[in-house]
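This report refers to the structure that appears directly beneath it.
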Amino acid sequence: MEMVCDDLGEKVVLTLPDLAGAGHDIASALCTQEELPLTWKHVRTSTLQLSLQLYGLADHQVALQIWTFLNKEGIAKVSVIKVPEQIKPHLCACSAHAILKFVMEKAPIHLSSFSLIIPSAAVLPSQLQNDADNSHPSRSIWFSIFNDSVEGKKQEYSKLRELPLTTQIQDELLASLLHLVKILEVQAVIMLVAINRLSPLDSEQAQKEKNRVNEMIHSLGQILENDLGLEFSTKLLAGSRAKIYDQEMSHMGADWRNLYI
């Protein structure tokens, strides 16, 4: 059943169940602190089941967890939406549309200050991986800005690497969201932690990769902290991600697209 949800803030962060668990960690680090920063009055939490009946999928729903931060005047300014469960590939396009439709109905998308921010992790084409600058964690984070009204944000992300808009993203839900963002002309920013394909048998290399991804998520969290005015708690990062990372990365070979990246 679809539940009623209050309005969202002018900045909406959408976190997904990505391969490294980065999205979920980011949501936890931003939203599950014991005390709010002084600039905020209250955080409103809710859970939601978005029905896919509109797409002829009456038996399917998309679960959302939502945190909305209210300022001292009680105005919703920032919302963090977490998609807590993996979505089956054949449901990703419909689910992505349902999520964006919900955001467009509940957020003040008419404001010039509105933006949808999608921090995630994905395997990128090998050419981009080879171009990455590992001398500093932020130089291995990629970003893309969608729609002209947020072009000014490029200065904010000048330390990151700009992702070509034609990049093939190896994540069905994320790829569907980015495709629909363009079509629906949603003001959006994507920030991607680039992750490498690894053999689950190479434990030493896997640990190095986890450490590298950890550093990049820390850097990404600091960018979000500055952009949103929230506190990014690194203490809340080290929980479930390692387990998710091992489990998901060990199955990556089953995706036929790996052969062409």
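Each value in this text was obtained by applying a stated rule to the coordinates, not by laboratory testing. Note that the structure is predicted; figures quoted are calculated from it, not measured. In this analysis, Cβ positions are derived from the backbone assuming ideal geometry, glycine residues included, and neighbour counts consider all displayed protein chains.
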Legend entry - Inter-label distance, nm, simple model (7 Å from Cα along the C-beta direction), LYS72/THR166: 5.0 nm
Inset, instruction - Determine the gain in length on full extension of the stretch THR39-ARG197; use 0.36 nm per residue of separation and subtract their C-alpha separation, reporting nm with one decimal. - result: 52.8 nm
Inset, instruction - Work out, step by step, the length gained on full extension between SER113 and LYS208: first 0.36 nm times the residue separation, then minus their alpha carbon distance; give nm to one decimal. - result: 30.3 nm
Inset, instruction - For each pair in LYS11/LYS88; LYS77/LYS159; LYS41/LYS77, compute the distance between the two Cα atoms and list the pairs where it is over 20 Å. - result: LYS11/LYS88; LYS77/LYS159
Inset, instruction - Can you tell me which of 17-25, 165-173, 215-223 comes out highest on packing, and rank the rest after it, using the mean Cβ neighbours within 10 Å? - result: 17-25, 215-223, 165-173
Inset, instruction - Based on other C-beta atoms within 10 Å, arrange ILE190, ILE26 from fewest to most. - result: ILE190, ILE26
Legend entry - q = 0.12, 0.14, 0.17 Å⁻¹: log10 I(q)/I(0) that the Debye formula gives for segment 1-108, counting C-alpha atoms only: -0.42, -0.57, -0.81
